[in-house]
Each structure stands twice: as C-alpha cells, then as structure tokens.
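The values are calculated or read from the model by the stated rules, or taken from the named source; none is laboratory data. Remember, predicted model here, so these are calculated numbers, not experimental data. Cβ atoms come from the backbone with ideal geometry, glycine included; neighbour counts cover every protein chain shown. The protein model used for the area step is the full one, side chains on, heavy atoms only, and it has no ligands, DNA or RNA in it. Shrake-Rupley method; radii C 1.70, N 1.55, O 1.52, S 1.80 Å.
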Amino acid sequence: MVTRDWTAGMIYLSQTILGILGNFSLLSHYLCFYFRRCKFRPTDLIIKHLTVANCLVILCRGVPQTMAALGMKHFLSDIGCKLVFYVHRVSRDVSTGSTCLLSITQAITISPSKTGCAKFKEKAPKYIEPCNILCWMLNLILNVMVPMFVTSGNRSDKNIIKNIDYGYCYSFKRNRSSETLYVSLFLFRDIFFVVLMVWASSSMVVTLYRHKQQVRYIRGTNISSRSSPESRATHNILVLVSTFVSLSTLSSIFHICLTVLSNPSVWLVNTSALIAGSFPTVSPYILRSHDSREHSLCCACTRNTQSPG
C-alpha cells in the first residue's frame, strides 16, 4: 500500500515552488540587464553561477522529494537515481563555493587602499570567471564517487546494506571505514569554506565600521554608511553569508546523524532534506531585496557599474 505524507508533501512543494520562482526571477533580473546592454558588477557573475547551482539543487532534491512524499515511491531507475544525486551534490558544493567566493570578492572590493588586499582589487574581476569554472570542474571530479553509493528501490543485491530511504532512492554503504573517511573529507571541506566566509564577513564588518566612524569624524554628522552602494551590497552579502552559515551548520549536523544512524527515521530524513533546500530557496530573495538597481533604468545601471559590489 502506497503511503502519503500530505503535510511533508505540501511543505516540500511550497519550498520547491518558492525556490524555483525566486531563482528564475533572479536570472530574469540579470537577463533584463543583459538586453538593456548594462554592464555588470564583478560580483554579478558569481551570483549568476550561484543561482544556476541553486536551481539544480532544488530540481534534483525538492522535486523528487515532493513526489515521494505525495505517494510516488521509487519512480526513478538506478541510472536516474545516480544522476539525480550526482547533480544535486555537485550543485550543492558549487553553491557553497560560489557563496564563499562572493564573500571573499566583496571583502577585497571594499578593503581600504592601505591594506594588503588593495593590490588584488584591480586583478580580482579578471579571475572571477576562471574561479567559477574551476569550481564547477573540481566538484564534477570530486563527486564522481557519489553515484556508487546510490541505488533505486528496484535493485536487489545481497551485498548491499540499504541505509537511508529517501522515498525515491536508497543510499547504501559497503565499507563503513571508507565511507566515514569520505564523509569526513567533505565535511572538512565545508568547514574550510565556512571559516573563509566567516573571515571575509568579519573583515567586511570591520571595514564598514571604520568607514562609518571616518564619515562621522570628517563630516561631523550622523551619516550612516548604508547610504553608499558599496555598503548596501556588503550588507546584502553579509546577510546571505550569515544565512548560509546557519543553515549549513544545521544541515551538516543532520547529515552526520543520517550517516551515523543505521536506520534513520522518516522525520530525520525529511527534516534534513528540508533544511538542505532552505538556502537555495531563500538566497534569491535576499540577493534581490537589497539590490539598488532593482527598479533602475539602464542609464542608472550604467552609472552604478563602476561602484564596487
């Protein structure tokens, strides 16, 4: 008998719809700038890669998870399961790398001229596209083992111990020690990226604070640094990174629980999937909420091109 979890299904469906609408809206936002022949900020290219990665994360996890919750169990073939999990993992890791690159680029952009990062300001824009491509290529290579630990529900192999039932596919393990090492390496990489983001965010906060103090001292008025395009863009990225770090930490905790437990509960699997899809869903709304060009004309967009952010 097919079981349906309507509550989980509606939550997944809502998250998936909001995520797809938000990310496609953000892509159309940049597409509009392109057809208006507006020049882009250095960070816009990173955001476009981030948005594409987020779309793939939602499509490869949110859609099948919704279908499984609504009663369509194990509808993917063995190859389909491997492909979906592989694309999801690559996209998730690219999303992490892009967010890290975004925060570091912005920290370099707003750094004072007298700091050590100042010499990278002029060179940074030309390295953004190669870094984005390298991020995709590395994650495509590093995640080649993911399909080896995924199968459909129709596969029968006595040597396979099925561990997690996602409703549409199974993950399994053959060697406990090798899988623990594999998961540990990827957790170490995620922690490394989070540390870089925290460092970049702390640097931006210090820079904004010092700039605010200098403006007050020079002009003698209580002028907030929020009024500048640099500060608006920086605050936007700080909110984005803070959201990512919070959700990534929760997601890592749930991922460890899924790995350690032999037969995790349905609630644990559903909650882990929901948290994993939260950042790709909310990030486009954060990115658009503070964009000073949201309602600007092309001429205004062009004037803001030279401003950092």
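In this structure, does Tyr127 turn out to be aromatic (Phe, Trp, Tyr), without any contact (Cβ under 8 Å) to a residue 40 or more places away in the chain and either on the phi < 0 side of the Ramachandran plot or not in a helix (DSSP H, G or I) (or both)? Taking the combined requirement at face value, the residue satisfies it. Is it the case, given these coordinates, that Ala273 is closer than 28 Å to Phe40 by Cβ, assigned to a helix (DSSP H, G or I) and either in contact with a helix residue (DSSP H, G or I) (Cβ under 8 Å, 6 or more places away or on another chain) or modelled with pLDDT under 65 (or both)? No; evaluated as a whole, the condition is false for this residue.
I'd like to verify a number: residues in segment 79-102 that are touching a strand residue (DSSP E or B) at 6+ places or on another chain (Cβ under 9 Å) and open to solvent by less than 40 Å² (accessible area, probe 1.4 Å), how many? Residues meeting the conditions: 3. Suppose the filter is surrounded by 21 or more Cβ atoms within 10 Å (Cβ to Cβ) and either touching a Lys or Arg at 6+ places or on another chain (Cβ under 6 Å) or at pLDDT below 90 (or both); does Leu76 pass it? When the stated conditions are applied, Leu76 passes them. Residue pairs whose Cβ atoms lie under 6 Å apart, separated by 6 or more positions or on different chains, with the first residue in segment 257-280 and closer than 16 Å to Cys60 by Cα and touching a residue at least 12 places away in the same chain (Cβ under 8 Å) and the second surrounded by 20 or more Cβ atoms within 10 Å (Cβ to Cβ) and of a type in the set (S, T, N, Q), are Ala273/Gln65; Ile275/Ser251; Ala276/Ser251; Gly277/Gln15; Pro280/Asn54. Scan segment 25-73 residue by residue and report those that are farther than 18 Å from Val150 by Cα, open to solvent by 10 Å² or more (accessible area, probe 1.4 Å), charged (D, E, K, R) and not in a loop (DSSP other than H, G, I, E, B). Residue satisfying the conditions is Lys48 alone.
Of the residues making up segment 13-24, those that are open to solvent by 10 Å² or more (accessible area, probe 1.4 Å) and not β-branched (Val, Ile, Thr) are Leu13, Ser14, Gln15, Leu18, Leu21, Phe24.
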